[in-house]
Every structure is written in structure tokens, then in C-alpha cells.
Amino acid sequence: MLRTRFLSVTAASLLVWLGSAAPAVSEPPAATVTVTSPAADSVHPVDSSLFVGWRNDTGQEVDVWLAQDDGAGGSHRLFKLASKASSKPTSELVTAVPAVPDGTDYTVEVTTRDTGVRGYSAPFAVGPVPAAGPVVGTGTGSGSGSGGAPGTSPSWVQAQDGHSPR
């Protein structure tokens, strides 16, 4: 009888333990990477500074790529702009625009190193800054042939924070 009572107490304890061992746990929201700059429709000359900003809630380091629209609704990577960039929730970096053909179908891709979570910037252009348009990049061009129009002379380059570099 003592043996039977021991088994029933052990079996009852085991059932209670198993029943409470797996509480319901909700899935965490999907991790994302959101590219916040460069701005849509901005123009960046080759060799100018390109400011890239992103939000990353994965906690992982990221790689930053210059990508181009492939014409079929996707994109392909052209140049790695940064490797093992910050894993902080909000980050930014400054890089140079590589020598690529002029075009309006460029984006920046920021992708996590471990899980492949990625985000893309809005499309922007690489090429000469229009004479009447705002200066976005800080190119190394001479500005010759511009006729002295504001926005094309190197002395008129506006810094990203809105202050003149003078």
C-alpha cells in the first residue's frame, strides 16, 4: 500500500508540473530595418558625400550597399558602402558615391549580417545637380560651365545640417 501511495503522489506531482510548464507566449513583432536617408528624388554627384540613415530594431550589425533597380521590380547590389555598421537602433554614416553611370534608379540597401532582414531607401539619382535644384551632395566638381548659377559652385555647397560650410 505504501508503494501505491508513493506512485500516485509522484504521478500527481508530475501531472501538475507538466500542466504548468508551458505558459502561452506571444510571438515578438517582426524585426525591421528602415532606411531613412538619402531623401527621395535627391541627386548625388559621383565622389560626393552620401548621408545614409536607418532605424534597426534587430540588434544586429548591418552592411550598407548601393543598389540599382533591375527593371523587373527588384534591385541588384552594385557596391558595398559599409561593412559591419552599427547595431544601434538609430544610426547613420557618411560615404562617398562610387563611380556609377548617371541615373535615377539608385537606392541604398541596409541589411543585417545574420538574419538578412533588409530595408531600402527611396529612389534617388546619381549625376550632376540641376542648376536650379538644391545642392544635396558635396561634390568635388569645379562648377565650370555653370554660368555662375547658385547651387553649382563649390563655394555655394550647403551642408546637410542646413548651415553653410563657411
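The values are calculated or read from the model by the stated rules, or taken from the named source; none is laboratory data. Note that the coordinates shown come from a computational prediction; the quantities given were computed from them, not determined experimentally. We work out accessible area using only protein heavy atoms, side chains counted, and drop any ligands, DNA or RNA first. Shrake-Rupley method; radii C 1.70, N 1.55, O 1.52, S 1.80 Å.
Under a 5 Å amide H to amide H cut-off, with H placed in plane at 1.01 Å, what residues pair with F79 once short-range neighbours are removed?
L66
Tally up the carbon and sulfur contribution to the accessible surface of the stretch 45-85 as a whole percent, 1.4 Å probe, everything protein left in place. The partial results should precede the final answer.
Details: 880 of 1970 Å².
Carbon and sulfur atoms account for 45 percent of the accessible area of the stretch 45-85.
Under the rule of at least 5 residues apart or a separate chain, name every residue whose amide H is placed under 5 Å from the amide H of S37.
G53
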